[in-house]
Amino acid sequence: ILLGLYAGQRVTDVREARPEDFACVQVIHPGDPKPRPMWIWSLTQSKRRKVVTVPLHAEVIPALRTQRLIAVKGPGTLIWDEATGKPFTKERLFRAWELVRAEAAKSLPSVATLQERDLRRTFGNLSRHGGAGDADVADVLGNTAAKNAQLRQVYMAPQLATALRAVSAIEKPKGRKQG
C-alpha cells in the first residue's frame, strides 16, 4: 500500500519488487551542497519496460526497513503470500487487498470500494497538490499523463490548491522606475 501511494507504482511492480531493488544512496538535493542519504527504488516498470529510479517518501522507510529484514526468510520478493510461502500471484494479492480493505472500511467506510490502482491515482493527485509539475509526476508514474489530457484528468485532476498556486503566482507588471 505504501509503495503504491507514496511511490506511484503499479500493483504488478510492487508485487514483483525485490529487496535488492531498494538502496540507501547519497543524493545531492537542489540547493544543498552536501549529499544526504536517500532511499531509492530502482525498477523496470512492467507496462512499458521503462527503467526508473524512484526516491522514496519518508513515510515508506520504516516499513521498508522492516520488510527488508523479514524478506531474508522469504522467497525472494519484498512481499509474499505468508499462507503459501511463495511470491504473491495476481489473484492472491487481490484477495489479500480485499481483506485489508474490508478491515480498513470498518473504521473508514469510504475505503470500502477503493481499488489498488486508486493508490497510484492518489499519488498523482497528492504530488500535484504538493507542487510537482505534470511532467515530474508522469515521469514517476511512467505514463503519458503530462501529454494525454484523459490520463492527466485521472492521475492529476485539477484541484483548487493547484489553481490557487497558478493564480497567486501572477503579479501585476511593475512600471519602469524614473531616474
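So, Gly4, is that one modelled with pLDDT under 95, in a helix (DSSP H, G or I) and closer than 26 Å to Asn125 by Cα or not? Against the criterion (modelled with pLDDT under 95, in a helix (DSSP H, G or I) and closer than 26 Å to Asn125 by Cα), Gly4 qualifies. Which members of segment 46-68 meet the condition of being assigned to a loop (DSSP other than H, G, I, E, B), among the charged types (D, E, K, R) and free of Cβ contacts under 8 Å to residues at least 24 places away in the same chain? Residue satisfying the conditions is Arg49 alone.
Considering segment 67-96, and only residues there that are under 21 Å from Trp39 (Cα atoms) and not β-branched (Val, Ile, Thr), the residue that is surrounded by the most Cβ atoms within 10 Å (Cβ to Cβ) turns out to be Leu78. Could you tell me whether Ala138 is within 17 Å of the chain's Cα centre (by Cα) and without any contact (Cβ under 8 Å) to a residue 24 or more places away in the chain? Answer is yes for this residue. Pairs linking a residue in segment 105-134 that is under 21 Å from Arg15 (Cβ atoms) to a residue that is open to solvent by 90 Å² or more (accessible area, probe 1.4 Å), with Cβ atoms under 8 Å and 6 or more positions apart or on different chains, are Glu116/Phe94; Leu119/Ile1.
Considering (1) among the hydrophobic types (A, V, I, L, M, F, W, C); (2) within 24 Å of Ser42 (Cβ to Cβ); (3) exposed (fewer than 11 other Cβ atoms within 10 Å of the Cβ), the lone condition that Leu64 does not fulfil carries the number (3). Evaluating Val137 against the criteria (1) modelled with pLDDT of 85 or more; (2) closer than 25 Å to Gln45 by Cβ; (3) in a helix (DSSP H, G or I) leaves one unmet condition, (1).
Being more than 9 Å from Tyr6 (Cβ to Cβ) and open to solvent by 80 Å² or more (accessible area, probe 1.4 Å) is the filter; apply it to segment 51-61 and report the residue that is farthest from the chain's Cα centre (by Cα). Among those residues, the one meeting the criterion is Val51.
The values are calculated or read from the model by the stated rules, or taken from the named source; none is laboratory data. Here the structure is a predicted model, which is why all the values come from computation and not from measurement. Note that we place each Cβ from the backbone using ideal geometry, even for glycine, and neighbour counts take in every protein chain shown. Quick note on the areas: whole protein, heavy atoms, side chains included, nothing else; ligands and nucleic acids left out. Shrake-Rupley method; radii C 1.70, N 1.55, O 1.52, S 1.80 Å.
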